[in-house]
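Below: one structure, written as structure tokens.
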Amino acid sequence: MMWLADNAWVAVALPALFALLVALVGRADRLVAPLLGIGSAASVLLSGIAVLLTVAEGRTPAAATIRWLPSEEGILAIGWSADGLVGSMLVVVGFVSLMVMVYSAGYMAADEGRVRYYALLSLFLAAMSLVVVSDGLLGLFIGWELMGVCSYLLIGHWTIKPAAAAAAKKAFLVTRVGDVGLLAGIVLLWSHAGALDYESLAAVIDTLSPDILTTVALLLAVGAIGKSAQFPLHIWLPDAMEGPTPVSALIHAATMVAAGVFLIARTWPIYELAPLATYVLLGIGVATALGAALVACVQTDIKRVLAFSTISQLGFMFAALGAGYWGVAMFHLVTHAAFKSLLFLAAGSVIHSSGTQDLRKMGGLRKGMQFTFEAWTFGALALAGIFPTSGFFSKDKILYIVTSENLPAGALLFLTTAITAYYVARVTVLVFFGPRNSRKKPHETGLAMSIPPLILAIPAVGLGYLAKPSIELMAAEYVGFDLPVALIATGVALLGVAIGVFLHRSGPSADIAFERRLGGVWGWIQAGYRLDSVVQKSVSRPSLGLARAAYRHIDRDLVDRAVIGVGSTANFLGERLRRLQNGDTQWYISMGFIGLIVLYSLSVSWDRIHVWLTGGG
């Protein structure tokens, strides 16, 4: 275990190796690809455990740097390092991915592309691990971009579905907008600090001007906002639910979307000296948390409810970062990874059993899916923040610190807590209670798909009691339990649950009634405030129009005509010169003689010609 802690690069190398093996030998047997995928996840989990054990013993794991690219400003290096923050992220990534790999053995059993699926999942783990263990922003950026590619390919896994292909392209393009900001911040930091590794940056960060630090912090935040689906770059995540449900559980609930929070936590010394950037994070986090929670209330697709819920919970994390407590944000990241991946996997079982994602076509599934119902209930209670689940403890700390720093922002998060509890109760009632609207008889989906959610229920409930050691292992500031805030948060959460159960106890009729009364407002919220339409009108269509105009006037009228003109000129000259080749020997001798006379005359007159050309007398 000590060797694993001192060689954190193993968490990158082994999943990458397993990805290659899956691609090469995955078709040999149906169990080969799942077993290799499980091996890649287990390697990441073991690396994380080794790092945490080493840090808990009071020893810092070994680090190393490799000189990579020389430049005029210095040497660009890439390496690895590990601490409590790195170990915690590796455990989260490894544990959730292990459950997803096992679950996928059942969910993707009949899928023709399962070998490609497992290879990409393993490659994604390698990329995410590279983001985590890199000792600086250069290695992080490489893993960051590789994650984006893997996410694009996994969202569009079902290539025959036009909606999946469109969602994959949308996710890739929108997150690239954030990545441009991240790259610009990295370049600006390199040009002024001359280093990109965290240790060197910590040593010189005080020498940089406040304006440069603020600009760098805001640019890095743009990258984090894009990857973690915060307003206004959140629009890709709901559509990403077109991919397989296990992909949603891993990439779009527990790991990749959490990378933005990890980035800010990893570069926290910069944000400590850039208060304007933290105010921006607080504002965006609160607005995203509340706005996404409202949208989740009116969704009819169970996966889209969870997608907007993920966006909302990430908003809580950004609010904690904005309040100045990155350790609290990271702890909520850990608990959220457990209960949200649990909810996604349970939702996958529900979809697999009922044959639909539409909440209005479910109902009464509790009788035939008792294990799934129990697992879902634990995750739902944690998401709602009900004691004694992990979500209660992590969300309570965020509410306390945000309220202490900014009372209006805290009040909005309390409101969001009530709304969250409402839509959790709504979904639970519509899926598991009331009359059964699905024609298919509900049934459990086999051990491979039933056991992982039940295992995830353990941390979803119990992680809250490990708040103090978890945050202290990350070397962050611990925030204790605040009874008044906890009581108020519990009260508003229970109120939200009660309203959700009361309104939807009779099934989808309440949604129908709300839609009739609210009319266009309901549709506006359900469409995510029609931000997609705004982007289409303000960005996509003008860009497409500009591209078409450039193609028509520059590419075709200018470039194509220039190329065609060169060819036409060559043809014209060739046609004229061809006539000189008439087969008459006397003609050739005459032309050669004339050429000699011309060349001789030019050589004799060269001096005068040179003087004339240069403007002489």
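The values are calculated or read from the model by the stated rules, or taken from the named source; none is laboratory data. Because the structure is predicted, anything quoted here is derived from the model rather than measured. Backbone-built Cβ (ideal geometry, glycine too); neighbour counts: all protein chains shown. Each accessible area value is taken on the protein alone, full model and side chains, heavy atoms only, with ligands, DNA and RNA left out. Shrake-Rupley method; radii C 1.70, N 1.55, O 1.52, S 1.80 Å.
Structural remarks
- Over the chain, accessible surface divided per residue gives 44 Å², non-protein components excluded, 1.4 Å probe.
- Rounded to the nearest 500, the 222 nm mean residue ellipticity of the chain from helices alone is -23500 deg cm²/dmol, with -39,500 (n - 2.57) taken per DSSP H run of at least 4 residues.
- Charge dipole magnitude, Cβ of K and R +1, D and E -1 - the chain, Cα centre, debye nearest 20: 2600
- Stokes-Einstein diffusion coefficient of segment 1-129, Kirkwood radius over Cα pairs, 10 °C, 1.306 mPa s, in µm²/s: 103
- Gyration tensor (alpha-carbon) shape descriptor, segment 240-328, a/c threshold 1.5: oblate
- For the chain, with +1 on Lys and Arg beta carbons and -1 on Asp and Glu, the positive-most of 94, 325, 78 along the dipole: 94
- In the frame of its principal axes, segment 164-243 has Cα extents of 47, 20, 16 Å, reported largest first.
- Extension gain, residue 404 to residue 512: 0.36 nm times the residue separation minus the Cα-Cα distance gives 34.9 nm.
- Lys, Arg +1 and Asp, Glu -1 on Cβ, resulting dipole of segment 269-421 about Cα centre, debye, nearest 20: 500
- Modelled spin-label separation between residue 499 and residue 53, with each label point placed 7 Å from Cα along the Cα-to-Cβ direction: 4.8 nm.
- Between helix 390-405 and the chain: long-axis angle, C-alpha atoms, 0 to 90°, nearest 10: 70
- Taking the accessible area of segment 193-254, probe 1.4 Å, and keeping the other protein chains in place, the carbon and sulfur fraction comes to 60%.
- Estimated inter-spin distance, residue 67 and residue 142, nm [label 7 Å along Cα→Cβ]: 1.7
- Exposure ranking of 141, 593, 378 by accessible area [1.4 Å probe, largest first]: 593, 378, 141
- Lysine pair number, Cα distance threshold 21 Å (strictly under), the chain, separation 8 or more or different chains: 23
- Charge tally around residue 157: other residues with Cβ under 10 Å, Lys/Arg +1 each, Asp/Glu -1 each, net +1.
- Value of relative contact order over the chain, rounded to a whole percent, pairs C-alpha under 8 Å and six or more apart: 12
- Which label in (i) 0.93; (ii) 1.21; (iii) 1.00 gives the computed Cα Rg over 2.2 N^0.38 Å: (ii)
- Contact order relative to length of segment 203-283, as percent, for alpha carbon pairs under 8 angstrom and 6 or more apart: 43
- Ranking 560, 511 by solvent-accessible area of protein heavy atoms (1.4 Å probe, all protein chains present), from largest to smallest, gives 560, 511.
- For segment 429-488, size of Cβ-based charge dipole, Lys and Arg +1, Asp and Glu -1, in debye: 660
- With R₀ set to 30 Å, the beta-carbon distance separating residue 188 from residue 472 gives a calculated FRET efficiency near 0.35.
- Potential lengthening between residue 31 and residue 540 on full extension [0.36 nm per residue; Cα-Cα distance subtracted]: 178.9 nm
- FRET efficiency estimate (nearest 0.05) - Cβ-Cβ, residue 550 to residue 576, R0 30 angstrom: 0.25
- The calculated FRET efficiency for residue 587 paired with residue 109, based on their beta-carbon distance and R0 = 56 Å, is about 0.10.
- Prolate/oblate/rounded call for segment 398-489, Cα gyration tensor, a/c under 1.5 rounded: oblate
- Between segment 590-606 and segment 7-34, the C-alpha centres lie 75 angstrom from each other.
- Environment charge at residue 397 (Cβ cut-off 15 Å; Lys +1, Arg +1, Asp -1, Glu -1): -3
- The chain: angle of helix 447-462 to the longest principal axis, Cα-based, in degrees nearest 10: 70
- Positive-end ranking of 428, 168, 451 along the dipole of the chain, with charges on Cβ about the Cα centre, is headed by 428.
- Theoretical gain in end-to-end length, residue 301 to residue 530 [0.36 nm per residue, Cα-Cα removed]: 80.7 nm
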